[in-house]
Amino acid sequence: MTREEIKDVILEIIEDIDEDAEFDNLDADAPLRDQLDLDSMDFLDIVMELRKRYQLQIPEDEYPELASLTSCVNYLEPKLKDA
Amino acid sequence: MQQSDSQRIVITGVGLTAPGASSLDQFRANLLAGKSGITTLDLRYMGVHPAGICTFDETKYRKKKENKRGSRAGCISVYCANEALGDAGITFDEYDRSATGVYLGLTEHGTVETENEVYNISKFDYNVDYWTHHHNPRTVLNNPAGEITMNLGITGPHYTIGAACAAGNAALIQGAQMLRLGEVDLALCGGISECTGSFGIFASFKSQGALAEHPDPIRASRPFDMERNGIVISEGGCVFTLERLDNALKRGAKIYGELAGYAINSDARDFVLPYGPRQQQCMEMALKRAGMDASDITIVNTHATGTRQGDVEECSAIRKTFAGCTSTYINNTKSSIGHAMGAAGVLELAGNLPSFTDNYVHPTINIDQLDPDCAMQGLVSGEPHKLSRVDAVLNNSFGMLGINSVVVVKSFVAS
């Protein structure tokens, strides 16, 4: 998957959690939870959805890597290069 | 002995969703018209069966995201609680949120969510890594009541009462008791059921030979009829605002009725079969606590669900309790909405409350040929019955493991 595709997947998952989520002014480098109506349970939904879609097992100590859209893409790019 | 106004408990608001209705006015209109709310449901593993499904504005009081996170029971609860408060005109200027209690009756909770999650992991070779982290908060037994407190910022007590299909009445009683004890100043109490989402509940009734079948769903729920063949399972919810009379009068509240008496007892006999003599004792105990004779009751709302033995047992108990009561009328609400389980008691009471002002007894529907063992003096069938006045409603609600509950509500008369 390309970086752009990974970004789209993350936004799609977030939209599935909260269809009212607004992405127009999203700062890709700032924490997602500060900008969207997401809490820890929603965050776990993102982790679960990545597991379901791509059989990705993300260790708990690596959750901080998913903080912002850019860090998500950086972290997932090597894992999803063949997806 | 006359109770002081601080010990008299009144119903001041009603919020509900039932098959075919999402407000009390709509519900009452359907009941008086003899209109069934039953449709069919195609449920996983079960196929198509008659069922009562609720249609209401699910995002009127919270976002889709919150509905997705919570349970169906929570979604119904939040709707009913907000509707009840709106109906009562309570904005929390009059009452402190910390002195407000939420008490909901449930027949069961968590079955739907558990079945859904097992189905979900079946697609992943039953690997529990795919089991949702939402499972526990969705299935803890206080879930529907807790979802109300989060939605409304209520910081007083909240919990649910498991009392099988007597649960709605039980929660109403709990709310009244907490008000009388002074534990809370406002009680949101009622019953909720999401059980139409569970194939296991349908399958269990079917295995028991107690699941209604009929080619026409609106004819499927037929208590007291010779051809009745079981229960029509429904979802639903009803929440009342309950207040002490002095507070209700102070704020000029509309009063639907006054809780006059109640009783709960146990058969101590059988897991599923009901027992008329104990039901009779329960009705007599509620009447005694209300300081009433059987003849003081204008309407008896029966619990009858459409099972062979259950209906006969209750009818026998009613014939004995109300022998010679020529001005007592009997109806059945499940014939119109099916069996809403934990919500049944309060929904059916709500359906009868407008009788204090419109003076009608709504009818039992679908009795084509009355079972002689279900014959009762005063049974209202097919058409509503107009009276000059309605003074009191006795509401039966019974459940598995032999739990019986009876609530008596009387027309409000200021002392």
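What follows is calculated from the coordinates using simple rules that are stated; it is not laboratory data. Because the structure is a prediction, the values reported are computed rather than measured. Virtual Cβ from ideal backbone geometry, glycine too; neighbours counted across all protein chains shown.
Assorted remarks:
- Dipole magnitude for the protein assembly as shown: computed about the Cα centre from +1 point charges on Lys and Arg Cβ and -1 point charges on Asp and Glu Cβ, it is near 2240 debye.
- Checking every one of the trypsin sites (Lys or Arg not before Pro) in region B:54-102 against DSSP loop status and a limit of 14 other Cβ atoms within 10 Å picks out B:K60, B:K63.
- Ratio Rg/Rh [Cα only; Rh per Kirkwood] for the protein assembly as shown: 1.04
- Net charge dipole size for region B:1-97 [Lys, Arg +1 and Asp, Glu -1 on Cβ; Debye, nearest 20]: 580 debye
- Its relative contact order, with pairs defined as Cα atoms under 8 Å and 6+ residues apart, puts region B:158-229 at 18 percent.
- Gyration tensor (alpha-carbon) shape descriptor, chain B, a/c threshold 1.5: oblate
- Computed [θ] at 222 nm, helices only, for chain B once each DSSP H run of length n ≥ 4 contributes -39500 (n - 2.57): -9500 deg cm²/dmol
- The GluC sites (Glu not before Pro) of chain A that DSSP puts in a loop, and whose beta carbon has at most 16 other beta carbons within 10 Å, are A:E19, A:E22.
- Sorted by Cβ density within 10 Å, fewest first, the residues B:M283, B:M46: B:M46, B:M283
- From least to most packed, judged by other beta carbons within 10 angstrom and beginning with the fewest, B:H133, B:H385, B:H303 follow the order B:H133, B:H385, B:H303.
- For chain B, with +1 on Lys and Arg beta carbons and -1 on Asp and Glu, the positive-most of B:P144, B:M178, B:I192 along the dipole: B:M178
- The ranking of B:V409, B:V112, A:V47 by Cβ neighbour count inside 10 Å, starting from the fewest, reads A:V47, B:V112, B:V409.
- Normalising the average separation of contacting C-alpha pairs (under 8 angstrom, six or more residues apart) by the number of residues puts the relative contact order of region B:262-410 at 37 percent.
- Residue-span extension gain [B:R251 to B:E383] - 0.36 nm each, minus C-alpha spacing: 43.7 nm
- Summing charges over neighbours of B:S415, with a neighbour being any other residue whose Cβ is under 9 Å away from its Cβ, gives 0 when K and R count +1 and D and E count -1.
- A DSSP coil position with no more than 15 other Cβ atoms inside 10 Å describes the following trypsin sites (Lys or Arg not before Pro) in region B:224-290: B:R251, B:K254, B:R269.
- Largest first and in whole Å, the equivalent-ellipsoid semi-axes of region A:3-79 read 17, 14, 12, each the square root of five times a Cα gyration tensor eigenvalue.
- Across region B:243-289, C-alpha contacts under 8 Å between residues 6 or more apart give a mean separation that, scaled by the residue count, equals a relative contact order of 42 percent.
- Förster-model FRET efficiency, 60 Å R0, B:Q369 and B:T91, C-beta, rounded to 0.05: 0.70
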